[in-house]
Amino acid sequence: MSAERLADWFVSVGGYLMYAVIAALIIFILLFWYFFAYFILSLRKHHRLPKGKVNYKYAVLVPARNEDKVISNILQSLAKQTYPQEFFDVYVIVESKDDPTVKITKKFGFNVIIRKDLVNKRTKGWALDEAYKYIKESGKIYDSFMVFDADNILNTDYIELMNDVKNKGFKVGMGYRNFTNASQNWISACSSTLFAYMNQFTSNGRSMLFKKMTLTGTGYFIDFDIIDHEKGWIFNGMTEDVELTKYCYYHNIPMKYYPIAQYYDEQPTTYSMVHKQHIRWVWGFFADDTRYKKPKNDPDYKALKKHLQNASLFEYNVSIYPVILMMALLVLAFLISCGFFIASLVFAAIFEVFRTDLIPLTMFVWMLIYLAILWVTVGTTAFTTFVISNKYLKFKTSLQIKVIFTYIFFFSDFVFAFIDGLFHKYKRVSWDKIDHEGKITNKEALENIKK
């Protein structure tokens, strides 16, 4: 191949890459229509639901293995609930009677469940399943379960507001997931921004359009009869919240996101902690969901008519793929253009045509274009989140700017998490406990645990 043809080939490949990126952008816009709909819906003001006429009874479940550093906070907030105490019971789930969490829980007068079946069952889902069986055997009757983590803190009216949601006929409900330490450092700020996006975009939009939402770990109630129908807590994989979300979609269960009710959650503050989470989430989302699909003899909870139910399933199952396609292609285009830029520098030292036609400069410009598109796409997500959710996050302007311009580095870890899990299977199938520090920088959260 002559030097001239080689130079032409470099330019042609660069052009084809640009066409591919433009095509991906078009597909992204066509399939990501709900992003724009969700943004408009996120600007709507939420109205308070009427006070529920029925006081339903709740079993509040708190998996808390070795959580003595933080367990007092959630127990204090539960003790201060405005909802009548006789209508909810608290069960803290531990793995050993020697766990210091036991002694703290008993000081508050709440119940302790000490797990007995731990072999290959160390995930949160298995802890909840054992709690269900314990309650079932005790003969106690509840209308719903309510699930929290040991690091959570509830606003004093949280259960009361969730009861208002249940009184409206919803079988699954969740409030706004706020944060105890969002502004502690860059990692906690970025992680909080991600969850704020999931709150105010996906959960809010899905709740308004389809009576669905994205469960994000804790803070939700679920009707007892749903778990009882399955004869246990079958959502016991690495991402039990994703599994339960899928189950609710397939079974057409009415769900309600209600941000007037708020609870608080501690965010990771180190890269190693957040990377563990990302491996779990990435591989959990793509896990086999066959067991959660609705068999013919299973009940249909009739949240939506058939055409809307099909639309909700399509949106949920397809929603992540335009993002993956777009991000993967942009990353690939950037890496290829980097390689071509380096190669063009080498060829420029050998062939004059590479210098006269400015091939290295062309490759460098394309490399910057792909990086800029990637950077702007991710940064816009963070910026939009602050537009609609900073009344909850309450970040200083300097921290907002920092997150917007560096969010791409945090977001890129999902790619590294996928690769890490791909080459290290044990990381995607083993449950590693995320240690909590108990540091609280959110003043509203502190107010809910003051004695």
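Using the structure shown, decide if Tyr257 is within 16 Å of Phe314 (Cα to Cα), of a type in the set (Ser, Thr, Tyr) and open to solvent by less than 10 Å² (accessible area, probe 1.4 Å). In short, no. Here segment 357-403 is the region considered, the condition is being open to solvent by 40 Å² or more (accessible area, probe 1.4 Å) and of a type in the set (Gly, Ala, Ser), and the residue that is modelled with the lowest pLDDT is Ala372. When residues in segment 300-312 are screened for being touching a residue at least 24 places away in the same chain (Cβ under 8 Å) and open to solvent by 30 Å² or more (accessible area, probe 1.4 Å), 5 of them pass. Please work out which residue is farthest from the chain's Cα centre (by Cα), limiting yourself to segment 1-32 and to residues that are within 14 Å of Ser344 (Cα to Cα) and open to solvent by 50 Å² or more (accessible area, probe 1.4 Å). The selected residue is Glu4. For beta carbons closer than 7 Å, sequence separation of 6+ or different chains, a first residue in segment 193-221 that is of a type in the set (D, E, K, R) and a second that is assigned to a loop (DSSP other than H, G, I, E, B), the qualifying pairs are Arg206/Lys212; Arg206/Met213; Arg206/Thr214; Lys211/Pro254; Lys211/Ala303; Lys211/Leu304.
Output the qualifying pairs, or none if there are none: Cβ atoms under 6 angstrom, residues six or more apart or on different chains, first residue in segment 366-387 and touching a residue at least 12 places away in the same chain (Cβ under 8 Å) and over 25 Å from Tyr19 (Cβ atoms), second residue part of a helix (DSSP H, G or I) and among the aliphatic types (A, V, I, L, M). Every condition considered, the pairs that remain are Ala382/Val403; Ala382/Ile404; Phe383/Ile404; Thr385/Ala196. Tallying residues that are closer than 19 Å to Phe224 by Cβ, open to solvent by less than 10 Å² (accessible area, probe 1.4 Å) and in contact with a Ser or Thr (Cβ under 8 Å, 6 or more places away or on another chain) within segment 45-89 yields 2. Can you name every residue in segment 90-126 that is open to solvent by 20 Å² or more (accessible area, probe 1.4 Å), outside any helix (DSSP H, G or I), of a type outside the set (A, V, I, L, M, F, W, C) and over 26 Å from Val242 (Cα atoms)? Result: Ser96, Lys97, Asp98, Gly109, Asn111. Going by the structure shown, is Lys427 at pLDDT below 90 and part of a helix (DSSP H, G or I)? Answer is yes for this residue. Here Asp164, Asp225, Asp241 are screened, and the one residue that is open to solvent by 40 Å² or more (accessible area, probe 1.4 Å) and closer than 28 Å to Ala79 by Cα is Asp225. Under the condition of being in contact with a helix residue (DSSP H, G or I) (Cβ under 9 Å, 6 or more places away or on another chain), free of Cβ contacts under 8 Å to residues at least 24 places away in the same chain and open to solvent by 80 Å² or more (accessible area, probe 1.4 Å), the residues counted in segment 404-425 number 2.
The values are calculated or read from the model by the stated rules, or taken from the named source; none is laboratory data. Note that this is a predicted model, so its numbers are computed, not measured. Every residue, glycine as well, gets a Cβ built from its backbone with ideal geometry; the counts of neighbours run over all protein chains shown. What goes into the accessible areas is simple: the full protein's heavy atoms, side chains included, and nothing from ligands, DNA or RNA. Shrake-Rupley method; radii C 1.70, N 1.55, O 1.52, S 1.80 Å.
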